[in-house]
1. Residues L214, L201: which one is under 26 Å from I249 (Cβ atoms), free of Cβ contacts under 8 Å to residues at least 40 places away in the same chain and surrounded by fewer than 20 Cβ atoms within 10 Å (Cβ to Cβ)?
2. Whether any residue in region 111-119 is under 19 Å from H180 (Cβ atoms) and part of a helix (DSSP H, G or I) is what I want to check.
3. Do we have L190 as in a helix (DSSP H, G or I), more than 30 Å from I249 (Cα to Cα) and at pLDDT 95 or above here?
4. Filter region 222-265 down to residues that are on the phi > 0 side of the Ramachandran plot and under 23 Å from the mean Cα position of the chain (by Cα), then give me how many there are.
5. Only one of D299, D326, D333 is in a helix (DSSP H, G or I) and loosely packed, with under 13 Cβ neighbours inside 10 Å. Can you tell me which?
6. Under 8 Å between Cβ atoms, which residue pairs at least 6 apart in sequence (or on different chains) link something in region 165-190 that is free of Cβ contacts under 8 Å to residues at least 24 places away in the same chain and within 25 Å of E138 (Cα to Cα) with a partner that is among the hydroxyl-bearing types (S, T, Y) and surrounded by fewer than 12 Cβ atoms within 10 Å (Cβ to Cβ)?
7. Quick one: E293 ticks every box in (1) within 40 Å of the chain's Cα centre (by Cα); (2) assigned to a helix (DSSP H, G or I) except a single one, so which number is it?
8. Looking at region 126-138, is at least one residue under 25 Å from R85 (Cβ atoms), outside any helix (DSSP H, G or I), touching a Leu at 6+ places or on another chain (Cβ under 6 Å) and modelled with pLDDT of 95 or more?
Amino acid sequence: MIRKILSLCLLLTSTLAFSQSNLNNASISQGTDPDSAGFFLQKGLVEKQNGRRLESLKNFEKAAKYDAGNKAIVAELASAYLDLRKYNQARESYKQLVAMGDESAANYKQLMTLSFNLKQNDDVILYANKLKQADPSEKINYYIGKVNYDMDNYGDAIKYLNEAGKEDPQNAEIPYMVAHCYADMMNYKLAIPYFQKAIELNPSKPYWIYELGLIYYAMNDDKNSLKYILMAGDKGYTKDNDYFENLGIAYLNVGNLDEGVKILAEILKKKPSDMNILNMVAEAYYYKGKYKEAIEYWDQVLFYDKTAASALYMIGMSYQKSGEKDKGIQLCDKAIEMDPNLAAYKQKKMMAGL
């Protein structure tokens with residue numbers, strides 16, 4: 001009797017164990033079904049934990065084929081795309097999360113920065129404002145200011161960038177962009193202090209220094225123009241033909257004829273028919289009273305362009321200035337025959353008393 005009871009108990013225990021085993025097996029079977037979103041999601045999470053981001057992405061993408069509306073899957077997809085620098089796909093995934101109701105500051109921030117990096121300017125402004133609503137402590141002024149700067153909307157650019165400068169006073173890019181806004185509007189006086197501030201914050205940008213030199217040139221501040229063009233060269237700005245041409249002009253403008261002509265003469269060795277440089281050197285000599293040298297350079301202009309009436313006229317003026325008045329007048333008259341507009345120039349010279 002006792003044996004029967006023991007046998008019954010053993011049988012009952014075995015039955016219960018078998019039932020529990022079936023339940024466990026059923027649960028595992030459901031999680032290991034290779035034709036389910038859950039299977040690939042779990043597999044992707046394991047790969048992610050092991051640092052195999054590309055393999056994890058592949059699994060998340062497979063999971064999404066089974067359940068594209070699963071928020072957890074979409075969130076993992078967005079993160080994986082971002083980690084692998086697949087920014088367009090990441091942006092679309094974060095947009096999908098927002099559409100699914102996940103309007104968190106974190107998602108809006110990702111959308112703002114991704115849109116910024118992908119130059120989706122309208123979306124930058126859209127998501128920046130949504131981010132600010134979701135989290136008022138977030139700093140969005142730089143992004144909105146930069147976008148407006150890129151779109152040549154200088155009024156709003158200056159407004160937001162100045163606010164961004166208060167939030168991040170060590171960011172040299174901010175005053176540089178404000179400077180450019182003013183410079184592009186030809187408001188050079190307001191541009192200068194922002195250029196100076198940008199250079200003060202980051203003196204390792206030779207192009208910024210060079211630009212400031214050109215701004216001073218546009219304002220006819222020849223001394224500062226030369227100063228900053230030279231400084232740009234010392235800081236590593238590429239000394240190409242354009243650089244040396246502007247440097248030579250800067251020297252001429254401050255009255256350093258010898259240094260200016262020396263630099264421009266070197267450029268003429270490479271660009272012997274550059275009419276602009278030939279005329280500049282000739283004019284520099286002319287206004288320094290070195291008429292023989294001026295004539296030589298205007299002769300070169302005529303060598304390359306025999307129709308250059310203005311060059312012929314200035315040769316005539318140079319002869320008059322150097323004492324050969326009759327020869328000079330004949331050349332000036334011949335130039336006026338070639339270009340009657342020069343008669344007005346002659347009249348101005350006569351009124352000035354030569």
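The values are calculated or read from the model by the stated rules, or taken from the named source; none is laboratory data. It should be emphasised that the depicted structure is a prediction, and the values quoted were computed from it without experimental measurement. Methodologically, a virtual Cβ is constructed for each residue, glycine included, from the backbone with ideal geometry; neighbour enumeration extends over all protein chains shown.
1. L214
2. Within region 111-119, one or more residues are under 19 Å from H180 (Cβ atoms) and part of a helix (DSSP H, G or I).
3. No; evaluated as a whole, the condition is false for this residue.
4. Qualifying residue count for the region: 1.
5. That would be D326, the only listed residue that is in a helix (DSSP H, G or I) and loosely packed, with under 13 Cβ neighbours inside 10 Å.
6. Hits for this filter: zero, empty list.
7. For E293, the exception is condition (1).
8. yes
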